[in-house]
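Peer 1: Just dropping this structure here.
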Amino acid sequence: MEYVSSLVLIAVSAAFINNFVLYYSVGICPYLGVSRRVDMAFGMGCAVTFVISIAACLSWALTVFVLRPGAPLATWVWHWLRPDSAGVVDLSILNYLVYIFVIASSVQFVEMYLRKFFPPLYKSFGIYLPLITTNCAILFACLEIMKHVSGVPAAQLWDLGRALALAAFGGVGFTIAIVLMAGMREDLDLCDVPQALRGPGIALIVAGILAMAFMGFTGVDRNLAALLR
Amino acid sequence: MSQTQTPANASAADRGPTAAERFINGILPENPTYRQMLGMCPTLAITNGMRSAMTMAAAVLFVLVCANAMISLIRGLLKPHLRILVFTLTIAAFVTIVDRLLAAYMYDMSKQLGPYVPLIIVNCIIISRCEVCAAKQSLPIAIADAVGQSLGFALALASIATIREILGAGTWFGLRVLPAAWPAWVIMVLPPGAFITLGLLMGSVNWFLARRQEARG
């Protein structure tokens, strides 16, 4: 029960309270770039959620088994190469290089897999899939997971379920934010916006108001935790 | 994909703007934030104070100059289909160096910037400069371009951070500039303040440029 409630808390806080776009301001480029129409925004949101979950699983596994200080696989290989050596094996300096490599290759593989087995879905994702590599939200999710698995005591180590909950619901939060934004921008097209603010200017101001609205979720997690206990 | 042919000869340097022009271009006419709309995540996230904004600008300057120089040196070896991967891994290596340096010499600042230092890896400014300039130009031009773009980025960060820190906390670089009676607009140092400040600044830049265009006829 405690595990399930921790999953729920992680999910709610990733999707609403600490929304990736509106609280951490990551993933702003697609947020402003592809939020002109609701259907396109929804497609982008789904693609991000999909890739973020895969990248999070892979980077979780690599961090836990290879990269973190004292990781089992790295230690085993090191002791096999140098049987007489002592000390902790720490590869965490390679974290960023490995994460960005994992993200780039998982985007590539997802693209190939979809093109082969789900052509309609591939068509609907279209140009967005390759663009996702440079989406900060994905790397940000990997880094947040890293904070909970690299260099923490074994009792506090996040398992795969928690890592996946954070990443997948971070993606859901991104989808919610971008679809809300696209809905408002569709209506903004009909408004008389001052010439200088048209385009990104007014979009940023609307995003600011949306971020203010999302500040209303602050503190929900504490009450939710009390409720679930 | 049409830009993938990169002849590594000196004549490539003769085309396009010179090093000095590229340097000036980066600061205002092609400002990465206001004109190209690139690298928005750090622009919004760490401009709640001048200190963090300027640390971020310095980190970006280091990474952009090093990555541009490195890519420019190896531009003859780049394969078209692998170049983005090479760019990203080069940038990631330099970002790791910056991250470790910050953690060693400016520990508090490193804690405050948190994940936004590693997020420089996916900052579109750097990848776009590698692709547009460094992969085609010689070393001096690539470095001039990198410094110009970084100064433009620093200028944009400074403009946003100045407004947000003065209105939100009444201070600038931690020094008090508004009287202590100033009711700090806390919203300005929170995420919504970042969006609204940048939106209004972008509007004023557009208005200013449109007016100048009109005056020229």
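Peer 1: Hey, A:TRP158 hits all of (1) away from chain B (no Cβ under 12 Å); (2) at pLDDT 80 or above; (3) closer than 17 Å to A:VAL64 by Cβ; (4) assigned to a helix (DSSP H, G or I) but one; which does it fall short on?
Peer 2: That leaves (4) as the condition not met.
Peer 1: For the range A:88-95, does any single residue satisfy the condition of being away from chain B (no Cβ under 14 Å), within 30 Å of A:MET212 (Cα to Cα), in contact with a Phe, Trp or Tyr (Cβ under 6 Å, 6 or more places away or on another chain) and surrounded by fewer than 23 Cβ atoms within 10 Å (Cβ to Cβ)?
Peer 2: No, the range A:88-95 contains no residue that is away from chain B (no Cβ under 14 Å), within 30 Å of A:MET212 (Cα to Cα), in contact with a Phe, Trp or Tyr (Cβ under 6 Å, 6 or more places away or on another chain) and surrounded by fewer than 23 Cβ atoms within 10 Å (Cβ to Cβ).
Peer 1: Restricting to the range A:31-51, and then to whatever is in contact with a Phe, Trp or Tyr (Cβ under 9 Å, 6 or more places away or on another chain) and within 14 Å of chain B (Cβ to nearest Cβ), can you tell me which residue is surrounded by the fewest Cβ atoms within 10 Å (Cβ to Cβ)?
Peer 2: Restricting to residues being in contact with a Phe, Trp or Tyr (Cβ under 9 Å, 6 or more places away or on another chain) and within 14 Å of chain B (Cβ to nearest Cβ), the top hit is A:VAL34.
Peer 1: Out of all the residues in the range B:139-150, which are farther than 15 Å from B:MET37 by Cβ and touching a Leu at 6+ places or on another chain (Cβ under 8 Å)?
Peer 2: Correct list: B:LEU139, B:ALA146, B:VAL147, B:SER150.
Peer 1: Restricting the range A:175-228 to residues that are under 15 Å from A:ILE10 (Cα atoms) and in contact with a helix residue (DSSP H, G or I) (Cβ under 7 Å, 6 or more places away or on another chain), which is farthest from the other protein chains (Cβ to nearest Cβ)?
Peer 2: A:LEU228
Peer 1: Hey, another quick one. Just checking: which of the helices (runs of 4 or more DSSP H) contained wholly in the range B:59-176 hold 1 or more residues that are under 15 Å from the mean Cα position of the chain (by Cα) and surrounded by fewer than 18 Cβ atoms within 10 Å (Cβ to Cβ)?
Peer 2: Qualifying helices (runs of 4 or more DSSP H): B:124-129, B:139-169.
Peer 1: Another one. Across the range B:31-58, which residue is farthest from B:GLY152 (Cα to Cα) among those that are of a type in the set (A, V, I, L, M, F, W, C) and not in a helix (DSSP H, G or I)?
Peer 2: For the range B:31-58, the residue satisfying everything is B:ILE46.
Peer 1: Those residues that are surrounded by fewer than 23 Cβ atoms within 10 Å (Cβ to Cβ) and under 12 Å from the mean Cα position of the chain (by Cα), I need them from the range B:17-34; list them, please.
Peer 2: B:ILE27, B:GLU30, B:ASN31, B:TYR34
Peer 1: Pick from the range B:35-58 the residues that are modelled with pLDDT of 90 or more and more than 14 Å from every other protein chain (Cβ to nearest Cβ): which of them is surrounded by the fewest Cβ atoms within 10 Å (Cβ to Cβ)?
Peer 2: Here the residue is B:ALA58.
Peer 1: Right, B:ALA194: on the phi < 0 side of the Ramachandran plot, outside any helix (DSSP H, G or I) and of a type in the set (A, V, I, L, M) or not?
Peer 2: For B:ALA194, the condition - on the phi < 0 side of the Ramachandran plot, outside any helix (DSSP H, G or I) and of a type in the set (A, V, I, L, M) - is not met.
The values are calculated or read from the model by the stated rules, or taken from the named source; none is laboratory data. Keep in mind the model is a prediction, meaning the values are calculated, not measured. Note that we place each Cβ from the backbone using ideal geometry, even for glycine, and neighbour counts take in every protein chain shown.
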